[in-house]
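Structure first, commentary second.
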Amino acid sequence: MATRATRSASGAASSSDEESSCLVLALSHDELGVIFDGLADPLQPVVAVALSSTCLGLRTPLRAALGVLAARHEKAVAWCLRHCAPENRNCAALRDTAHLNLHHPRLTGGDWATLGMILRTRGLPRLQDLRTTGSVFGDVGMPALCDGLDRGSAPSLRTLVVCSCNIGPAGAEAFAAALNRGAFPQLEMLVLADNPFGEQGIAALGPALRKLPALKTLYFEACEIGDEGVASLVADLGKDDFKKLQQLALHANKITDAGAAKLLTAINAGGLPKLGNKDALLFFGNSVSDSAAAAVAAALAKRSVDARRS
């Protein structure tokens with residue numbers, strides 16, 4: 001009995017000493033939560049789990065957060081198995097990938113949300129190229145994907161292609177909101193072709209896109225954009241707006257001569273400074289007369305000649 005009591009007292013003292021030496025315990029539960037959230041990568045949960053194992057006193061305040069992380073990791077594992085190419089079908093490989101292609105219609109609204117969770121929790125820091133085509137759930141999925149994205153989300157992403165995914169105004173507005181929060185800061189190419197977001201969607205996207213410092217290519221083919229949409233995209237451009245944009249594709253939309261005139265005005269005023277030749281601006285397949293199209297092409301050609309002379 002005395003031996004057992006001695007051992008029990010020794011164990012209690014050891015536990016007490018361990019907790020007294022654990023400086024993290026001096027933090028509030030809110031402060032612990034901030035630290036844990038920063039480490040809680042659903043593709044690589046081991047670091048956050050290790051924090052909770054630092055001392056016994058951390059297990060209780062972090063129990064709920066560990067449960068959330070476990071559920072997220074389970075979703076991430078299932079997502080990898082369902083959607084990734086063989087070389088990325090485990091979380092460690094996906095975390096290190098630079099290219100992610102999701103070319104099939106099986107991407108559901110829940111799948112978009114899981115991808116958004118992975119991005120939001122800094123799970124894809126090296127991702128440079130993300131492409132998806134053909135999901136019918138895009139107008140539900142894009143808001144789910146963009147929910148909570150900010151400057152730390154996909155910090156290396158340079159190419160984003162989301163085609164034929166049924167993205168309407170709500171999806172475009174959600175994407176614009178994410179851009180305004182600083183998401184995708186290195187984006188160079190954005191392709192949103194064959195999505196029906198129309199005038200309302202482009203009105204939301206225009207102000208957000210014009211401020212992206214690295215943006216070089218924009219494709220808005222067959223997006224139901226009309227003259228008002230063109231105006232919201234290019235009206236009153238500042239000197240730093242679209243300063244690196246080299247190609248703008250607006251073909252197969254609902255643009256008329258009025259929209260072409262808006263483009264011409266912006267070009268003549270010095271806007272879109274890197275659009276330097278007739279192939280840099282694509283708007284065939286619209287209701288634009290030959291003369292209006294020729295005027296825009298001539299303005300771009302003149303700019304190209306002036307640039308070579310200077």
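The values are calculated or read from the model by the stated rules, or taken from the named source; none is laboratory data. Quick caveat, the model's predicted, so the values are computed rather than measured. Counting neighbours? That spans all protein chains shown, and the Cβs are built from the backbone with ideal geometry, glycine included.
Go through region 107-133 and give me each residue that's over 19 Å from residue 86 (Cα atoms), out of contact with any Phe, Trp or Tyr (no Cβ under 6 Å at 6 or more places or on another chain) and at pLDDT below 90. The answer is 121, 122.
Quick test for you: out of 99, 104, pick the one residue that is at pLDDT 65 or above, in contact with an Asp or Glu (Cβ under 6 Å, 6 or more places away or on another chain) and of a type outside the set (Val, Ile, Thr). Spell out how you get there, then give the answer.
Values: 104 fails: in contact with an Asp or Glu (Cβ under 6 Å, 6 or more places away or on another chain).
None of the others qualify; the one that does is 99.
Within region 262-271, is there a residue that is in a loop (DSSP other than H, G, I, E, B) and farther than 24 Å from residue 211 by Cα? Among the residues of region 262-271, not one is in a loop (DSSP other than H, G, I, E, B) and farther than 24 Å from residue 211 by Cα, which makes the answer no. Right, residue 202: farther than 16 Å from residue 135 by Cβ, in the same structural domain as residue 102 (by TED's automatic domain parsing) and either free of Cβ contacts under 8 Å to residues at least 40 places away in the same chain or out of contact with any strand residue (DSSP E or B) (no Cβ under 8 Å at 6 or more places or on another chain) (or both) or not? Answer is yes for this residue.
Results for (1) closer than 30 Å to residue 129 by Cβ; (2) assigned by TED's automatic domain parsing to the domain that holds residue 165; (3) under 25 Å from the mean Cα position of the chain (by Cα), shown as yes or no for each residue.
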| residue | (1), (2), (3) |
| --- | --- |
| 234 | yes, yes, yes |
| 259 | no, yes, no |
| 266 | yes, yes, no |
| 299 | no, yes, no |
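Per the listing 293, 298, 266, 280, the residue uniquely surrounded by fewer than 16 Cβ atoms within 10 Å (Cβ to Cβ), free of Cβ contacts under 8 Å to residues at least 40 places away in the same chain and not acidic (Asp, Glu) is 298.
Let's see how each residue does on (1) assigned to a loop (DSSP other than H, G, I, E, B); (2) surrounded by fewer than 17 Cβ atoms within 10 Å (Cβ to Cβ):
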site: 202; (1), (2): no, no
site: 208; (1), (2): no, no
site: 212; (1), (2): yes, no
site: 223; (1), (2): yes, no
site: 231; (1), (2): no, no
site: 236; (1), (2): yes, yes
site: 240; (1), (2): yes, yes
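Out of 297, 235, which single residue is modelled with pLDDT under 95 and within 30 Å of residue 166 (Cβ to Cβ)? Lay out the reasoning, then the answer.
Values: 297 fails: within 30 Å of residue 166 (Cβ to Cβ).
The conditions single out 235.
Among residues that are touching a Gly at 6+ places or on another chain (Cβ under 8 Å) and of a type in the set (S, T, N, Q), residue 287 is not included. Cβ separations smaller than 7 Å between residues 6+ apart or across chains give the following pairs from region 60-77 residues that are buried (at least 20 other Cβ atoms within 10 Å of the Cβ) to residues that are at pLDDT below 85 and in a helix (DSSP H, G or I): 62/32; 62/36; 62/52; 69/48.
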